[in-house]
Every structure is written in structure tokens, then in C-alpha cells.
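Report on the structure given below.
The values are calculated or read from the model by the stated rules, or taken from the named source; none is laboratory data. Quick caveat: nothing in here was measured; it's all calculated off a predicted structure. All Cβ positions, even for glycine, are placed from backbone atoms using ideal geometry, and neighbour counts span all protein chains on display.
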Amino acid sequence: MHPAPEEPISETREEPLADIPGSRPLSRRAVLCQAVTAVGLTAAQAILSPLRADESSVPTDPTRVPGTPPTLYGHRSLFEKSERVVESWWGSFTPLQDLEGVVTPASLHFERHHNGVPLIDPSHHRLLVHGLVDRPLILSMDDLKRFPSVSRLVFIECSGNSGPEWRAPTGQTAQQTHGLTSTSEWTGVRLATVLKEVGVKPEATWMLAEGSDAAVMTRSLPVADIVEEGLLCYAQNGEVLRPEQGYPLRLVIPGWEGNTCIKWLRRLKLGTAPFMTREETSRYTDLMPDGSARQFTMVMEAKSVITTPSGGQKVRPGFIEVRGLAWSGRGSVMKAEVSTDGGRSWEEAQLQEPVLPKCHTRFRFSWRWDGEETILQSRCIDETGYVQSARTALLAVRGMNSDYHNNAIQSWKISREGHVTNVQV
Ligand code: CO
């Protein structure tokens, strides 16, 4: 656990617990404790506060000790330790194997920064929209929040997700192999709304998006492809963006590589051609076997991963609910299939509703493991009919020069002892 922040504790228990209907009669000691609470931190609170307690201070019977008062900002149980894996200075990975459903808690959403997380005062933050427009505008956060708002659940995936898996099974866990993708409910104003406000000139076909981080991250985006779905977001999962997710303003392009979802967004410039920035020339291109490079490969193709059981876990023979996530940058997941024999046969998994376009989709598959060594795989089939392909098929086209856009089928080997490891077949 990280060190807990100091939080004010007084003034939170104004009503005696005994007044709450259905509550247990309080012992004299508990009442005394409450009396002391009114003036300051009691010994009991010091022990019981979820922010301060350790496992040795857990009461054997929680019904015999008054609980802790409400807090200003919620925290999880001290027994829960799931965390992002931080990879040096540049990013962190979502613990997909620990999560349920499809929404990634904002505190566990993956990160990819190019020069750290900037500290930005939202009252000073501005978005400049200029270039080939009729009415260039400088918008404050208050201005942006006055526009009609919209919320949408979408995944974001770094195009470098699973990149190290290109050459060898590298990550030990689903977090390490696939943790550069997360799903949030994003809230903001439609890009179309703001572009309508400035009046985009007909000849403007490309838009530069620029962040205000120390890398001044910039990408060029073809206007026609993003105007309908692009969002200028100021909120995530119901609260304001986290600093590491672009606070106070982030561009979200549903289904496109995470790098196009410019964080700390400060500028949009309309032009007639791509701006050929560093991040779309020396980076984020895909070198093909013949030496040519694919550029502006924006869409994240259909992909999936089994999160239970997955690398680093141990299973027992008998019933296992195989669980995982499937997604596609081209729309909705039509089908997720699971193989329990290393890809020789495939069976359809159950999809958890709602199945939303460009959003993580949870799948489940009931399986009885006989205790023999085997390999588990999943594959996503999206609404276009595209079938996620095996690693060998991907490499046959893309060769060994690439890192980005590895959407190959993931294989987890289960040993006779029940240990799950990352393998390639
Ligand atoms: Co790309």
C-alpha cells in the first residue's frame, strides 16, 4: 500500500450510533469512545480507521466494535492490494486479471506518458482552435462545459500494447501482456460541436491535436474520420479526469490507438494535410518486411485476452469459469470464442450485456479441467466479421520489424500442477 494521506476525522459522527434504527445497543466503552471522538481522535478510531489500520488491528468480531465514520474521499479495503505495474518513467499497466465487469477504476487505468504528468491549474487552462476555420476560438474549461455534454463507455488501448510479445512470450501476467488497455465512461463535449462552433473550412481535411505536457504531444487526425465520434473529455467514470489521464481536458477518439487520444489538450489546428509530427513519423508507424512503413494506422483491431485463468495464477482440476475481455476498434464484439486445446477447436463464450461498440466486452466460458496439460486461448470476432488471428498468421503479413498493433491470439499454458504461464504456439 502507498502511505495513506492525512484526512480530517473530527465532525463526522454528529449522531450517536444508538439513534440509528436497527443498530445494536452500544457498550459503555463504545459510548465513552464516541464521547472522546467529539473532541478528537480516539484510540479506537486510530486503530479502526481504514486509512491507518493494518491487518493486526482487525477485530475478531466486527459486530462488537463501532465502525469508522464516513470519509471525505473513499478508499478500498486494506485487504485489497491490486495495483498498476509501473514501467519506469513512461507508463503503467492495468491489472486486468484482478478486475470484474468492463469498467476500469480510474485509479487503475493504464498510463502512457511521454514526459511525465503535468501539473495544470484548470482555471488557467485554455483550448485554442484555429487554422482553417471561420472563427478561431480560445475556450476555457468553463466555456467547454457550457456546450451540450455526452457520456460514452469506450476502451482506450495503447498501440504498443502486447508489443514485447511480438518476438517472444515476455509478460508473465495478463497485466504485463495486455494491461495497456482500459475502459472508462468518458464525459465531455462532442468534437463535432466545437468544430461547428468555429466553422471548419471545406478544404480542412486534417486536424492537429496538441497536449500541454512537457513532450508537447502532437498527432494529426483526418477530420472526416473522427468528427462524428471524437470527444473532448473532462470527466471519467463520473468524476473529473485524473491528472495522469489528461486533466483537465483529453481528446478521446473511440477505437483509435491511445496515442491519438491527446491528454492535457490545449490546441486543435485545422489544415489541408497531416502535420508530420515526430510521433507519427519516427514513432507510431509500422515497419513492414519489405522495408516500407505503414503510417497513420489508427484503428485498434479486434483483440481479446483470457484474464481468468491467466499467467501467474494457479488452478485446480474441476469446474473453472474462464473469463476474459474482448474488444474491437471497428465496432461491437459479435462473438468471443475459447479454445481449451491450443486452438484445435473453438467454442462460443457467453457475452455479458451490454455489448457496446468500441468498448471492452466481458466474456465467460464454463469449463471442466481434467488435470491434463493444455493451452487456453480466446479470439474475438467483431461486427465486421473480422476474426482475431493466430500469432503465426499475423507475423506472416507483418514480419518481425513491428512493435505496434499486435492483436494476435494469446496462449496460456496450464501445467499438470495447475500453473498458468505465457506461451506462444
Ligand atoms: Co498505429
Would the range 388-409 turn up any residue that is of a type in the set (Asp, Glu), more than 25 Å from the chain's Cα centre (by Cα) and either within 19 Å of Gly171 (Cβ to Cβ) or modelled with pLDDT of 95 or more (or both)? no
So how many residues does the range 220-271 have that are within 15 Å of the ligand (Cβ to nearest atom), farther than 20 Å from Leu139 by Cα and of a type outside the set (A, V, I, L, M)? 9
Given the conditions (1) within 16 Å of the ligand (Cβ to nearest atom); (2) surrounded by fewer than 23 Cβ atoms within 10 Å (Cβ to Cβ), and given that His405 satisfies all but one, which numbered condition is not satisfied? (2)
For the range 380-410, give me each residue that is basic (Lys, Arg) and within 14 Å of Ser162 (Cα to Cα). Arg391
Within the range 151-169, can one find any residue that is over 24 Å from Ser402 (Cβ atoms), β-branched (Val, Ile, Thr) and surrounded by fewer than 22 Cβ atoms within 10 Å (Cβ to Cβ)? no
